[in-house]
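Student: To start, I am sharing the structure in question, which I have written as structure tokens.
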Amino acid sequence: MQGILISIEGPDGAGKTTQISLLKQYLEQKGFSCILTREPGGTKISEKIRHLILDKENSKMGAVTEMLLYSAARAQLVHEVIRPALEEGKVIICDRYVDSSAVYQGIARNLGVDTVYEVNEYAIQGIWPDLTIHLDLEAEEGIRRKKNQTELDRMELETMDFHKKVCEGYRTLAKRNPDRIKTINAMLSVEEIHEAIKKQLEFVIKNR
Ligand code: TYD
């Protein structure tokens, strides 16, 4: 496929949103046609699933249900947005993708990374990111930042132990996939993080 898929990952509060908008601006200045999307969500159907997953009322949701709902939302996003955009040669920046499921459901919820990837193979139709940026942050800092911004959703209301597993989980996953997943310290300044992302991206563009 012609386009490029970049996923941005990290624990809650790592600053993905800020970096994503800077990255989009940068890519557009370079002449790329760029699409921003987010997970869970990004299509009408996937946003409905997002609402179901993150609703604080759904405290009884089991881990397997949660994994399947995230992958259902993803399947729709790939079908409706990601695959067509890649075929048109666009650059897609995705705020979370399959690695979020590997970490949150596979590691933090203990379903196993391999199980989660296996289930998700159906959802993503073999479309893996060309580059995954992992914004690395301690759990306490991430939740502190989130609390200052918004009301916490069902996932953010999880225990600190859960959030610590998420942070460690990302580090483990990045070590397992060093060619694709690039870790950047999310405690650096906004500008420094942006520069580091640009460097990783330029490498991917050059090697295509
Ligand atoms: P989001 O609202 O994007 O959180 P943030 O603003 O911190 O990025 O994501 C919703 C939550 O869903 C977030 O806590 C991470 C979680 N999540 C999973 O557990 N599995 C997944 O596959 C995805 C995509 C997200």
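Student: Inside the stretch 1-14, can you point out the residues that are open to solvent by 30 Å² or more (accessible area, probe 1.4 Å) and either near the ligand (Cβ under 10 Å from one of its atoms) or in contact with a Gly (Cβ under 6 Å, 6 or more places away or on another chain) (or both)?
Tutor: First pass over the stretch 1-14, keeping only residues open to solvent by 30 Å² or more (accessible area, probe 1.4 Å): 1-2.
The answer is 2, and nothing else.
Matching residues to (1) open to solvent by 40 Å² or more (accessible area, probe 1.4 Å); (2) within 16 Å of the ligand (Cβ to nearest atom); (3) β-branched (Val, Ile, Thr); (4) within 15 Å of the chain's Cα centre (by Cα):
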| position | (1), (2), (3), (4) |
| --- | --- |
| 19 | no, yes, no, yes |
| 31 | yes, no, no, no |
| 45 | yes, yes, yes, no |
| 58 | yes, yes, no, no |
| 70 | no, yes, no, yes |
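Student: Residue 200: of a type in the set (S, T, N, Q), surrounded by 14 or more Cβ atoms within 10 Å (Cβ to Cβ) and farther than 23 Å from residue 63 by Cα, yes or no?
Tutor: Judged against the criteria, residue 200 is a match.
Student: Something else about it: Within the stretch 128-175, can you find the residues that are among the polar types (S, T, N, Q), assigned to a helix (DSSP H, G or I) and within 14 Å of the ligand (Cβ to nearest atom)?
Tutor: If the condition is that a residue be among the polar types (S, T, N, Q), assigned to a helix (DSSP H, G or I) and within 14 Å of the ligand (Cβ to nearest atom), then 148, 149 are the ones that fit.
Student: Testing residue 51 on (1) within 13 Å of the ligand (Cβ to nearest atom); (2) open to solvent by less than 40 Å² (accessible area, probe 1.4 Å); (3) under 14 Å from residue 155 (Cα atoms), one condition comes back false. Which one is that?
Tutor: (2)
Student: Here's a check for you: in the stretch 72-85, which residue that is more than 11 Å from the ligand (Cβ to nearest atom) and open to solvent by 10 Å² or more (accessible area, probe 1.4 Å) is nearest to residue 24 (Cα to Cα)? Before the answer, list the steps.
Tutor: Residues of the stretch 72-85 more than 11 Å from the ligand (Cβ to nearest atom): 75-76, 78-85.
From what is left, the residues that are open to solvent by 10 Å² or more (accessible area, probe 1.4 Å) are 75-76, 79-81, 83-84.
Details: 75: 24, 76: 23, 79: 22, 80: 20, 81: 17, 83: 19, 84: 19 Å.
Top of the filtered list is 81.
Student: Using the structure shown, decide if residue 37 is touching a Cys at 6+ places or on another chain (Cβ under 6 Å), more than 18 Å from residue 104 (Cβ to Cβ), more than 9 Å from the ligand (Cβ to nearest atom) and touching a residue at least 12 places away in the same chain (Cβ under 8 Å).
Tutor: Yes.
Student: Please verify whether the stretch 172-190 includes one or more residues that are in contact with a Leu (Cβ under 8 Å, 6 or more places away or on another chain) and within 19 Å of residue 70 (Cα to Cα).
Tutor: No - not one qualifying residue is present in the stretch 172-190.
Student: Before we move on, is residue 70 within 30 Å of residue 168 (Cα to Cα), modelled with pLDDT of 95 or more, touching a strand residue (DSSP E or B) at 6+ places or on another chain (Cβ under 9 Å) and aromatic (Phe, Trp, Tyr)?
Tutor: When the stated conditions are applied, residue 70 does not pass them.
Student: Inside the stretch 98-115, can you point out the residues that are open to solvent by 20 Å² or more (accessible area, probe 1.4 Å) and within 9 Å of the ligand (Cβ to nearest atom)?
Tutor: 109
Student: Kindly indicate whether residue 91 is among the aliphatic types (A, V, I, L, M), more than 13 Å from the ligand (Cβ to nearest atom), free of Cβ contacts under 8 Å to residues at least 60 places away in the same chain and open to solvent by less than 50 Å² (accessible area, probe 1.4 Å). Even if it seems obvious, please write down each step before you answer.
Tutor: Working: among the aliphatic types (A, V, I, L, M): yes; more than 13 Å from the ligand (Cβ to nearest atom): yes; free of Cβ contacts under 8 Å to residues at least 60 places away in the same chain: no; open to solvent by less than 50 Å² (accessible area, probe 1.4 Å): yes.
Criteria not met by residue 91.
Student: Regarding residue 130, is this residue under 20 Å from residue 167 (Cβ atoms) and within 14 Å of the chain's Cα centre (by Cα)?
Tutor: no
Student: For residues in the stretch 116-140 being over 30 Å from residue 187 (Cβ atoms) and among the aliphatic types (A, V, I, L, M), which is surrounded by the fewest Cβ atoms within 10 Å (Cβ to Cβ)?
Tutor: Out of the qualifying residues, it is 127.
The values are calculated or read from the model by the stated rules, or taken from the named source; none is laboratory data. Just so you know, these numbers come straight off a predicted model, no measurement behind them. Positions of Cβ are backbone-derived with ideal geometry, glycine not excepted, and every protein chain shown enters the neighbour counts. Surface areas here come from the heavy atoms of the whole protein model, side chains and all, with no ligands, DNA or RNA. Shrake-Rupley method; radii C 1.70, N 1.55, O 1.52, S 1.80 Å.
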